[in-house]
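The values are calculated or read from the model by the stated rules, or taken from the named source; none is laboratory data. Computed from a prediction, not measured in an experiment: that's the story for all the values here. Cβ coordinates were reconstructed from backbone atoms using ideal geometry, including for glycine residues, and neighbour counts include every protein chain displayed. To get the accessible areas, we keep the full protein, side chains included, count just its heavy atoms, and leave off ligands, DNA and RNA. Shrake-Rupley method; radii C 1.70, N 1.55, O 1.52, S 1.80 Å.
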Amino acid sequence: MPSVLVTRHVPDGGLDPLLAAGIEPVVRPVDDPLTGAELAQAAAEHDGLVVLLTDRVDADVLVAGARGGRLRVVANVAVGYDNIDVAAARAHGITITNTPGVLTETTADLAFMLILAASRLCSTAEADLRGGRWESWSILGYLGRDVSGATLGIVGHGRIGRAVARRAEGFGMNVLHHARQPTGEPGYVADLDVLLEQSDVVSLHIPLGPETRHLIDADRLRRMKPTAVLVNTARGQVVDEEALAVALEEGRLFAAGLDVYEHEPVVHPRLLAAPRTVLLPHIGSASVETRTLMARMACANVVAVLAGDRPLNPVT
Ligand code: DGY
């Protein structure tokens, strides 16, 4: 029977596809991230790994897997796979899979919640209330920005970006989108800078890669309206956090709603102190239903590869 390690704990029922295939996975007693050395050792000892985005499956890990002669599949319980060196996996004939689709609506819900919460200064207002600083209702208190009638610029036109667009239409927003290739759909803006200049809210829905690292840098932040709101539920490294904190401090940007950070779980101290921010700890897909489906999908991919079948969600 093949040996499969699940590196972190997953919701109840998440391992069902493995169990149904007669594979009793190795589950670590503690739910903390493995070190690189531990992950390399695991890669050498197992036929399949179910990993989370906290696991850095780099070339060293994959070489260890290849040398061990067993590792055939690494299933990421995430749609993003920037934690995995896909080229190294390909070079060693190790299949990588991810979990697209099942988290689309849950993540889009959270992105839209951040659009609303940041636009309406919810974190600032709640912090004041909890801190005993709410002294009186005031007509000038906590004045946010309306989303209704505002222009939303969506960067990326994948499943989640399109799901956010659907929500925005229900809220009466004008929706623009930018993608590297023309989408042929209404609202397409070919030039990212133009989209940034025209949008009242910008929401990022692009994968992290060499061409998207710090896509939103100091120059691009300067192109945004001083009344604009930036929302990031994609990957932290897509935004230059230091530049974002400075833009918020200097009032060159109205607000930001963030779920992802450059160096998770560490958040840039300047961002923590920046005004008008809503900061969440990478919970875009965090519902019981969705996280269970993600784990099941990853396990089903492992079962398929170990049975010699094509997985449902290979990363190519
Ligand atoms: C992903 O899937 O890539 C998210 O960041 C976590 O759900």
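Please identify, among 25, 100, 269, the residue showing maximal mean-square fluctuation in a Gaussian network model of the chain using a 10 angstrom Cα cutoff. Fluctuation is largest for 269. Measure out, as a whole number of angstrom, how far apart the alpha-carbon centroids of the stretch 251-316 and the stretch 121-156 sit. Centre-to-centre distance over Cα atoms comes out at 25 Å.
If R0 is taken as 22 Å, the Cβ-Cβ distance between residue 270 and residue 217 corresponds to a FRET efficiency of 0.90. Entry note, the chain: relative contact order of 20 percent, from Cα contacts under 8 Å with a spacing of 6+ residues. Give me the accessible area per residue for the chain, probe 1.4 Å, as a whole number in Å². Per-residue value: 47 Å².
Subtracting the Cα-Cα distance from 0.36 nm times the residue separation, let me have the gained length for residue 128 to residue 45 in nm, one decimal. Numbers along the way, then the final one.
Values: separation 83, 0.36 × 83 = 29.88 nm, distance 5.22 nm.
Full extension from residue 128 to residue 45 adds 24.7 nm.
Quick one: among 185, 249, 197, which has the greatest mean-square fluctuation in a GNM of the chain with alpha-carbon springs under 10 angstrom? Most flexible of the set in this elastic network: 185.
Can you compute the label reach from residue 58? Point 7 Å from Cα along the Cβ direction, backbone N cut-off under 11 Å, restricted to the stretch 71-101. Zone members listed by number: 85. When the chain is treated as a Gaussian network with alpha carbon springs shorter than 10 Å, the biggest mean-square fluctuation among 282, 263, 92 belongs to 263.
Can you sort 242, 250, 24 by 1.4 Å-probe accessible area, starting with the largest?
Heavy-atom accessible area, descending, gives 24, 250, 242.
Sorting the segments 251-260, 212-221 by their residues' average number of neighbouring beta-carbon atoms within 10 angstrom, most packed first, yields 251-260, 212-221.
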